[in-house]
1. Would you list the strands (runs of 3 or more DSSP E) that sit entirely within segment 98-193 and hold 1 or more residues that are in contact with an Asp or Glu (Cβ under 7 Å, 6 or more places away or on another chain)?
2. From 103, 132, 94, grab the single residue that is aliphatic (A, V, I, L, M) and closer than 20 Å to residue 153 by Cα.
3. Which members of segment 71-101 meet the condition of being of a type in the set (Val, Ile, Thr) and surrounded by fewer than 23 Cβ atoms within 10 Å (Cβ to Cβ)?
4. Is it true that residue 18 is open to solvent by 50 Å² or more (accessible area, probe 1.4 Å) and more than 26 Å from residue 171 (Cβ to Cβ)?
5. Would you confirm, using the coordinates I've provided, whether residue 68 is over 12 Å from the mean Cα position of the chain (by Cα) and crowded, with 18+ Cβ neighbours inside 10 Å?
6. Going through 183, 164, 203 one at a time, which residue ends up being surrounded by 13 or more Cβ atoms within 10 Å (Cβ to Cβ), within 15 Å of the chain's Cα centre (by Cα) and either of a type in the set (Gly, Ala, Ser) or farther than 18 Å from residue 75 by Cα (or both)?
Amino acid sequence: AELARGTLVEVFFQAIDRYAKGDALRARVDGAWRSISHSDLEERVRHLALGLESLGLERGDRIAILSENRPEWAMADYAALCMGALDVPIYATLPPNQVAYILRDSGARYIFVSTAEQLAKIEEVWADLPSLERAIVFDEVETTDPRVVQLEAVLALGRDRPEADRADAFRERASRAAPDDVATILYTSGTTGRPKGVKIGRA
């Protein structure tokens, strides 16, 4: 089959239209496999991107992802791409001090974290991260910290936006990304010193 062409955003939308299946993503939850369709995936990505904008994230801002492999990781990545933010993936196995270095070096304003365990890493070093404003948690966690927001709350913010159901308009805006725009800052393992951020383009 011919490979999709274009920016990462365009390839994402092409995949949504081309396959349109009931199992774009699958995950094991409470011992059972659950599927997310292509149409549901696009809708969640749109609502998440709009929700991030409602929280104040802007085009060109850095947003980190500290998570194991799971559907929410992909949604966070696609949402960042669609709104023009740069995501910064962080290995879920890194200790707090190494996570803190990457967050400081990249200047991340927000971070997605998967679990209470990953959130604890951020809480341990947050005082030394002046640029980090919010943590968005995939799992439900109990916290009184106003800087910590549940993923579902961000999705709800996006659903409440007037443009939430205007899929075509959202696609048009998201597809303005240029091939030379930076999509991701990927940090090296640091085997030759401090980890170094490598800029990955959108095409």
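The values are calculated or read from the model by the stated rules, or taken from the named source; none is laboratory data. All of these numbers come straight from a predicted model, not from anything done at the bench. Here the Cβ positions follow ideal geometry from the backbone for every residue, glycine too, while neighbour counts run over all protein chains shown. The accessibility values were calculated without ligands, DNA or RNA, using every heavy atom of the protein model including side chains. Shrake-Rupley method; radii C 1.70, N 1.55, O 1.52, S 1.80 Å.
1. Numbers: elements: 110-113, 134-137, 148-150, 182-187.
Once the strands (runs of 3 or more DSSP E) in segment 98-193 are filtered for at least 1 residues that are in contact with an Asp or Glu (Cβ under 7 Å, 6 or more places away or on another chain), what remains is 110-113, 148-150, 182-187.
2. Values: 103 fails: closer than 20 Å to residue 153 by Cα; 94 fails: closer than 20 Å to residue 153 by Cα.
Going through 103, 132, 94 in turn, just one is aliphatic (A, V, I, L, M) and closer than 20 Å to residue 153 by Cα: 132.
3. Filtering segment 71-101 for residues of a type in the set (Val, Ile, Thr) gives 88, 90, 93, 99.
Result: 93, single match.
4. No; evaluated as a whole, the condition is false for this residue.
5. On the way: over 12 Å from the mean Cα position of the chain (by Cα): yes; crowded, with 18+ Cβ neighbours inside 10 Å: no.
Taking the combined requirement at face value, the residue does not satisfy it.
6. Numbers: 164 fails: within 15 Å of the chain's Cα centre (by Cα); 203 fails: within 15 Å of the chain's Cα centre (by Cα).
Sole residue among the options that is surrounded by 13 or more Cβ atoms within 10 Å (Cβ to Cβ), within 15 Å of the chain's Cα centre (by Cα) and either of a type in the set (Gly, Ala, Ser) or farther than 18 Å from residue 75 by Cα (or both): 183.
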